[in-house]
Amino acid sequence: MRNKKIALITGISGQDGSFLSELLLKKGYEVHGIIRRSSSFNTSKIDHIFDKLELNYGDLTDSTSIDTIIQKIKPDEIYHLGAQSHVKVSFDIPKYTSDVNSFGTLYLLESMKKHVPNAKFYNASSSELFGKVQETPQNENTPFYPISPYGVSKIHSYWMTKTYRQSYNLFATNGILFNHESERRGGTFVTKKVISKLIDMIVYHGNVEPLLIGNLEAKRDWGYTPEYVEGMWKMLQHSEPDDFVLATGETHSVRELIEEACKQLNLNLEWYGKGKSEIGICTNLGISRKTIVKVNPIYFRPNEINSLLGDPSKAKKLLNWEAKIKFKELIEIMIKNEFNK
Ligand code: NAP
Ligand code: GDD
């Protein structure tokens, strides 16, 4: 009988993995993670808790490493967060995205079936599964229609998780999470990119290149990550494995994101032009008017989800989970933490 629960996190060095590690340590778990060997440091998000974690080298494309780690650690709970998680990049490297996201999940499930069939498994599914949305808002019963290699790779891992649940009676749960953000978000995702750049504008008195942006009209349901990792944990404490949507129930466009961030930073923004030549000018940064935003088509995607809006009522009812932090407060938190950094 072990006196501590053992959790294994794939993707521990990412945004979600770092917050989930903190949460599980606070709850008294022994926390293990899988990290990739890299020629440069890749643990900046977990450096502050590094000595409390047990880290193992492995890679989701390498079934041997996954199997060895699971056999050695024998986790009670597996949180599978590791992924090639960038949607636009998945159009450039579709095979690699599938190797990691689809087959990585399969290797974990196979290994769990073999070595720890009584463990609990959380799979990081995504609102990208809804793609060309078939109804609004989207819930657990909304038909999927992925439109990116990333979305398709995550469909495979969603169904594999469900199939192992149904075929082998494993406790395997899908968390269908809508976008969630924080100061630890990777710099190439839109919330972090916008906020860091606008703060640089202020710090350097406008003497930086403008924010180059893609589709201003795309809408997303953006929540705050620490609340979402709590939801992941709750899913594995539920009486049975299931599929759950986590979302705020609000949707906002990239344009609104830029406007709200500018407002909170006291930057007066005026839009000029249309489509590929649209720009945003700031009228109160120094003496002259300054272009601070520029649409650049290199950030357009070959296929784009226009709007996502989640319905998290099942999670509220069965898990007592709710997103309390909504759009404006999320931006406020990210700005504050970015300034503190
Ligand atoms: P993230 O910051 O991009 O982190 C991804 C993690 O996966 C990193 O630790 C990364 O390691 C690791 N990883 C990538 N390729 C790997 C490989 N081949 N082998 C082992 N590890 C690998 O992503 P996140 O925002 O934390 O998201 C966590 C999970 O939730 C992902 O599966 C994502 O697709 C999914 N998801 C995210 C959101 C969201 O809004 N954040 C919404 C829905 C679903 P390195 O640090 O070495 O790169
Ligand atoms: N990244 C990025 N960069 N996105 C931009 C930009 C830009 O310069 N300009 C506009 N966008 C738009 C994208 O086209 C998309 O519609 C929206 O902003 C959000 O883009 P991301 O922040 O890259 O996130 P995502 O929605 O594609 O994917 C994230 O959320 C998914 C859940 O819905 C990722 O975290 C995925 O891993 C996750 O599954």
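The values are calculated or read from the model by the stated rules, or taken from the named source; none is laboratory data. Since this is a predicted model, take the numbers as computed values, not measurements. Virtual Cβ from ideal backbone geometry, glycine too; neighbours counted across all protein chains shown. Surface accessibility is based on the protein's heavy atoms, side chains included, excluding ligands, DNA and RNA. Shrake-Rupley method; radii C 1.70, N 1.55, O 1.52, S 1.80 Å.
Looking across the range 111-162, the residues that are away from ligand 2 (no atom under 14 Å from the Cβ), assigned to a helix (DSSP H, G or I) and in contact with an Asp or Glu (Cβ under 8 Å, 6 or more places away or on another chain) come down to 111, 114, 115, 162.
For the range 68-112, taking the residues that are within 12 Å of ligand 1 (Cβ to nearest atom) and open to solvent by 60 Å² or more (accessible area, probe 1.4 Å), the one that is farthest from residue 305 (Cα to Cα) is identified as 107.
Listed here are the residues, each with its yes/no results for (1) outside any loop (DSSP other than H, G, I, E, B); (2) touching a Pro at 6+ places or on another chain (Cβ under 6 Å); (3) free of Cβ contacts under 8 Å to residues at least 40 places away in the same chain.
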{"site": "259", "(1), (2), (3)": "yes, no, yes"}
{"site": "263", "(1), (2), (3)": "yes, no, yes"}
{"site": "270", "(1), (2), (3)": "yes, no, yes"}
{"site": "276", "(1), (2), (3)": "yes, yes, yes"}
{"site": "285", "(1), (2), (3)": "no, no, no"}
{"site": "301", "(1), (2), (3)": "no, no, no"}
{"site": "317", "(1), (2), (3)": "yes, no, yes"}
{"site": "324", "(1), (2), (3)": "no, no, no"}
{"site": "329", "(1), (2), (3)": "yes, no, no"}
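Any chance the range 57-64 includes a residue that's among the polar types (S, T, N, Q), in a helix (DSSP H, G or I) and in contact with a His (Cβ under 9 Å, 6 or more places away or on another chain)? No, the range 57-64 contains no residue that is among the polar types (S, T, N, Q), in a helix (DSSP H, G or I) and in contact with a His (Cβ under 9 Å, 6 or more places away or on another chain). When the test is whether a residue is farther than 30 Å from residue 147 by Cα and in contact with a strand residue (DSSP E or B) (Cβ under 9 Å, 6 or more places away or on another chain), residue 70 passes it. Looking only at the range 331-341, count every residue that is open to solvent by 90 Å² or more (accessible area, probe 1.4 Å), of a type in the set (D, E, K, R) and assigned to a helix (DSSP H, G or I) and tell me the total. Total meeting the criteria: 2. The selection criterion, being closer than 26 Å to residue 137 by Cβ, open to solvent by 10 Å² or more (accessible area, probe 1.4 Å) and in contact with a His (Cβ under 9 Å, 6 or more places away or on another chain), holds for residue 260.
Scanning the range 120-136 for residues that are surrounded by fewer than 24 Cβ atoms within 10 Å (Cβ to Cβ) and within 19 Å of residue 304 (Cβ to Cβ) yields 129, 131, 132, 133, 134, 135, 136.
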